[in-house]
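Please treat every number below as a calculation from the coordinates, not as lab data. Please read all numbers here as calculations on a predicted model, not as lab measurements. Every residue, glycine as well, gets a Cβ built from its backbone with ideal geometry; the counts of neighbours run over all protein chains shown.
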Number of protein chains: 2
Amino acid sequence: MVRMAEVSADQRLVKGARSRAAIARHAADVASVDGLAGVSLGRLATDLGISKSGIATLFKTKEALQLAAIRAGREVFVEQIITPALAVPRGLPRLRTLVERWLGYITDPVFPGGCFRAAVLAEFDSRPGPVRDAVAVDHEDWMQFLAAEIRKAQETGDLPGRSVEALAFEIDAIVSAANTARQLGDDARVVTARRILDDLLN
Amino acid sequence: MVRMAEVSADQRLVKGARSRAAIARHAADVASVDGLAGVSLGRLATDLGISKSGIATLFKTKEALQLAAIRAGREVFVEQIITPALAVPRGLPRLRTLVERWLGYITDPVFPGGCFRAAVLAEFDSRPGPVRDAVAVDHEDWMQFLAAEIRKAQETGDLPGRSVEALAFEIDAIVSAANTARQLGDDARVVTARRILDDLLN
């Protein structure tokens, strides 16, 4: 009986973790279109056909759900962009792969509203609190990663004489603006962005 | 009596127009921080200490209020950035003034949440409807204005051999990213943005 109860508790934990992950992932989808403001316990319950109290058991508050959405968005970004780039040699080839995959993630979006990071960063940059803090940390991690890869490219002789900070800032700015253009259906500007990025990484 | 009634009707119209403008302007302030999603009849009524039915008489729906906020944001942008630049000779001097004033509008913001356009563009780029249409038209007008000024600078011999579309896209992307950095309290990246813009306009 004790063993049975343990198995059952384990199963409940596994099931709970899976539910949490599925709910957080859907919350990220919602946030990419309607912003994190659109991520409410009630909305998620309706979308997923589960009870609001069921979601409340797992996430308690809207803010906890928003923070889980940010973590889910980050996991997708790592899986789609960073992990594949890590398979490519460090330096300029990896940097180009990062930018290429990031653009792909925007033109053929995983999230219905395009780049999750771009959406929530602009939404929460002016609203102090735990959500902005989480979004800012995520953004900073990405900027540091990008800067480290640029530095590595310079150590192997590429991109000579360029400011690492300026180049990382420009890449991020251009891809974010390309995301906006893509979401507005302006594919010509996405082509423009790609050309600018090619020039920056030459 | 007829004349009195006319005067009174006029006064009511003037008062109504003033109220509309004041409410729309506050709606733009709110949207710059909390997004257009935060612009509701109830929120505005509470903030301004007027009745919700009074606001509803002037604006009917949340969407009408959001559209009025976009027009108010546009008016401020024209007044702060475009009008002063029109006093400077066309070509590179005017282009530099436009970018300088736009950066000033970001570092010393008129709106509590920074650049109104950047905030609402990212918020509504994935949500089809009249609000996205208004935001997209406003953005496109600005991009065309910027492109026309770049073209003029080239006609007078400056910025030779540069793609007009690419340069307009870059300026917009860098200033928008500077706005995000500023809202996150990251003044070092605002300095980086300024350096990149100086290089672009040289």
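What is the calculated FRET efficiency for A:Asn202 to B:Glu155, with r their C-beta to C-beta distance and R₀ = 30 Å, to the nearest 0.05?
Values: r = 28 Å, r/R0 = 0.95.
Step by step, r from the Cβ atoms, then E = 0.60.
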Looking along the axis that carries chain A onto chain B, the residue of A whose Cβ comes nearest, with distance in whole Å, is A:Ala122, 2
Taking Cα atoms, the helix A:92-107 axis meets the longest principal axis of chain A at an angle in degrees (rounded to 10) of 50
Tilt, helix A:187-200 to longest principal axis of chain A (alpha-carbon atoms), in degrees rounded to tens, equals 60
Over the Cα atoms of the range A:18-175 the radius of gyration and the largest Cα-Cα distance (Dmax), both in Å, equal 17.3, 58
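Would you calculate the convex hull of the Cα atoms in the protein assembly as shown and tell me its volume per residue in Å³?
175
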Relative contact order as a percentage, the range A:2-200, C-alpha pairs under 8 Å and 6+ apart, gives 20
Helix A:130-155 sits off the longest principal axis of the Cα atoms of chain A, rounded to the nearest 10 on a 0 to 90 degree scale, by 40
With a 23 Å threshold on alpha-carbon distance, the violating pairs from A:Lys52/B:Lys62; B:Lys15/B:Lys52; A:Lys15/A:Lys62 are A:Lys52/B:Lys62
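Net charge near A:Val137, counting Lys/Arg +1 and Asp/Glu -1 over other residues with Cβ under 12 Å of its Cβ?
Numbers: positive: A:Arg71, A:Arg74, A:Arg117, A:Arg132; negative: A:Asp133, A:Asp138, A:Glu140, A:Asp141.
So the environment of A:Val137 carries a net charge of 0.
Taking the Cα centre of the protein assembly as shown as origin, sum charge times position over the Cβ atoms of Lys and Arg (+1) and Asp and Glu (-1), and report the length of that vector in debye to the nearest 20.
Numbers: 52 positive and 52 negative charges, 239 e Å.
Rounded to the nearest 20 debye, it is 1160 debye.
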Nearest-0.05 FRET efficiency for B:Gln144 and A:Ala87 at R0 = 41 Å, using Cβ-Cβ distance, is 0.45
Of the candidates A:Gly35, A:Val135, A:Thr61, the farthest towards the positive dipole end of chain A (Lys/Arg Cβ +1, Asp/Glu Cβ -1, centred on the Cα centre) is A:Thr61
Sorted shortest first, the nm distances from the A:Asp47 label point (7 Å along Cα→Cβ) to its counterparts in the other copies are 2.6
Distance in Å, no decimals, from the C-alpha centre of the range A:12-28 to the one of the range A:154-202 is 35
So, with points 7 Å from each Cα along the Cβ direction, the A:Val137-B:Ser19 label distance in nm works out to 4.7
With one decimal in nm and the nearest listed first, the spacings from A:Glu155 to its own position in the other copies, using label points 7 Å along Cα-to-Cβ, are 5.1
Output row for A:Thr83: copy-to-copy label distances, label 7 Å along Cα→C-beta, ascending, in nanometres, one decimal, is 5.5
With label points set 7 Å from each Cα along the Cα-to-Cβ direction at B:Gln80 and A:Ala64, the distance between them in nm comes to 3.9
